[in-house]
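Each remark here refers to the structure printed beneath this line.
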Amino acid sequence: MTESMVKAGPRVLRLGTRRSLMATTQSQRVADRLTALTGRPVELVGVTTFGDVTKAHLAQLGGTGVFVSALRDKLIEGEIDFAVHSLKDLPTASDPRILLAATPPRDDPRDALVGAAKLADLRPGDKVGTGSPRRVAQLRVLRPDLDYVPIRGNADTRIGKVTSGELAAVVLAAAGLGRLGRAAEISELFDVADVLPAPGQGALAVECRADDHALAELLAVLDDARTRAAVIAERAVLAALEAGCSAPVGAYASDEGHILNLTAAVVAFDGTRSVRKSTAGDPSAAMELGRDLAAAMIAEGAGTLMGERTH
Ligand SMILES: NCc1[nH]cc(CCC(=O)O)c1CC(=O)O
């Protein structure tokens, strides 16, 4: 009898992940951390999602969750045990069969410029690539004289357009660039006061089946309470505004000394008008904080701004 037959050990947990380099990198990081903390072995299972195969412009897909549904399907079918997503890609509508088991400590939430110069040093008319209405709207406030060009594709493809000279710069999430090992190419990190990040940007979501109580308990070791409170508040704003990931909505919360500070903004696509509000409260009431802030924004016309065409 071999030793491995005597000590069968715990079953290997199957972690479902998108196949992109960013997704597999962040999933592997979560897998390693879980194994380090609990001793449980984890294997990555690659899943192709609609968001990875479609050539359509993300803002035109209409629905949110293009990167998420396939992984949730595999979870519900029992083909994987848990999944890791970029939290900002999660649809705001919750699925009763799925549990947000953990929100690991957040990475840098800021947006980043990749190019030869800082935004202020680009020349009038320079082309800046970003497919996000939220980023375009806020950048237009800072530099209305630049030419904002919609782009898609992974970070490699996007940065390639700068290297080739097709674009002067591109805007990406700092967290994603960090996970890809490309943080050194960042020419400027935007202060959250200037470019409010997408709700949940820089954070990860670890999901399992809602009825898998044993696994939920295990995954809870990965959770960071401060990150969870912040992203709950940010996503509550998005949900109450009935906006998706392609809406010109920014929200950022940070927990300082047990007070949760939350700022959210809706910016008209041309950058000329915006509704921006801040609030603070107890982290345990994060959801209400976000919902109430959104209600106050709607009272100031946020809904009208969002309803305007985005292209
Ligand atoms: N929508 C795609 C997406 N989803 C998560 C990230 C980056 C990592 C993060 O924000 O957590 C990105 C790319 C980007 O916005 O540059």
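Between the amide H of residue 118 and any residue lying 5 or more places away or on another chain, no distance stays under 5 Å, with hydrogens modeled in the peptide plane.
Gyration tensor analysis over the Cα atoms of the chain returns equivalent ellipsoid semi-axes of 34, 23, 17 Å (largest first, whole Å). A protection proxy built from the mean count of other Cβ atoms within 10 Å ranks the segments 142-149, 164-171, most packed first, as 164-171, 142-149. From its DSSP helices (H runs of at least four residues, each -39,500 (n - 2.57)), the chain gives a residue-normalised ellipticity at 222 nm of -9500 deg cm²/dmol. From most to least packed by mean Cβ count within 10 Å, the peptides 35-48, 185-198 give 185-198, 35-48. Note: relative contact order over segment 111-189, using C-alpha pairs below 8 Å and six or more positions apart, is 50 percent. Placing R0 at 30 angstrom, the Cβ-Cβ distance between residue 117 and residue 280 gives a FRET efficiency of 0.25 after rounding to 0.05.
Taking the chain as a Gaussian network, where each spring joins two C-alpha atoms under 10 Å apart, which residue of 183, 23, 120 fluctuates the most? Largest GNM mean-square fluctuation: 120. Relative contact order for segment 155-311: 19 percent, from Cα pairs under 8 Å spaced at least 6 residues apart, divided by residue count.
As a length-normalised measure over Cα pairs under 8 Å and 6 or more apart, the relative contact order of the chain settles at 19 percent.
How much length is gained if the chain between residue 94 and residue 296 is pulled fully straight, taking 0.36 nm per residue apart and subtracting their Cα-Cα distance, in nm to one decimal?
Details: separation 202, 0.36 × 202 = 72.72 nm, distance 2.33 nm.
That works out to 70.4 nm of additional length.
About its Cα centre, how strong a charge dipole does the chain have in debye, to the nearest 20, once Lys and Arg get +1 and Asp and Glu get -1 at the Cβ? Write out the running numbers ahead of the final one.
On the way: 36 positive and 39 negative charges, 118 e Å.
Dipole of the chain, to the nearest 20 debye: 560 debye.
Computed over the chain with a Gaussian network model linking Cα atoms closer than 10 Å, the most mobile of 211, 121, 73 is 121.
For the pair residue 223 and residue 142, the difference between a 0.36 nm per residue extended length and the Cα-Cα distance amounts to 25.5 nm.
Just name one of 266, 45, 154: the one whose Cα is farthest towards the positive end of the charge dipole of the chain (beta-carbon charges, Lys/Arg +1, Asp/Glu -1). The one lying farthest along the dipole's positive direction is 154.
Considering only 213, 287, 306, the residue lying farthest towards the positive end of the dipole of segment 168-311 is 306, judged by Cα position with unit charges set on Cβ.
Calculate the tail of P(r) for segment 111-189: the fraction of all Cα-Cα distances greater than 19 Å, expressed in %. Present the calculation step by step, with values, prior to reporting the outcome.
Values: 762 of 3081 pairs.
When every Cα pair of segment 111-189 is considered, 25 percent fall beyond 19 Å.
Peptides 278-287, 248-257 ranked from most to least packed give 248-257, 278-287, packing being the mean of other C-beta atoms within 10 angstrom over each peptide's residues. Of the trypsin sites (Lys or Arg not before Pro) in segment 66-156, the ones in a loop by DSSP (not H, G, I, E or B) with at most 15 other beta carbons within 10 Å are 97, 118, 152. In whole Hz and in residue order, list the ³J(HN,Hα) couplings for segment 201-216 that follow from phi through the Karplus curve 6.51 cos²θ - 1.76 cosθ + 1.60, θ = phi - 60°; x for Gly and Pro. Going residue by residue, I get 4, x, 9, 10, 10, 10, 10, 9, 5, 4, 8, 8, 5, 5, 5, 4 Hz, with x marking Gly and Pro. Extension gain, residue 183 to residue 256, is 23.7 nm, computed as 0.36 nm per intervening residue step minus the present C-alpha separation.
FYI, it's all coordinate maths here, none of it is from the lab. All values derive from a computational prediction rather than experimental measurement. Cβ atoms come from the backbone with ideal geometry, glycine included; neighbour counts cover every protein chain shown.
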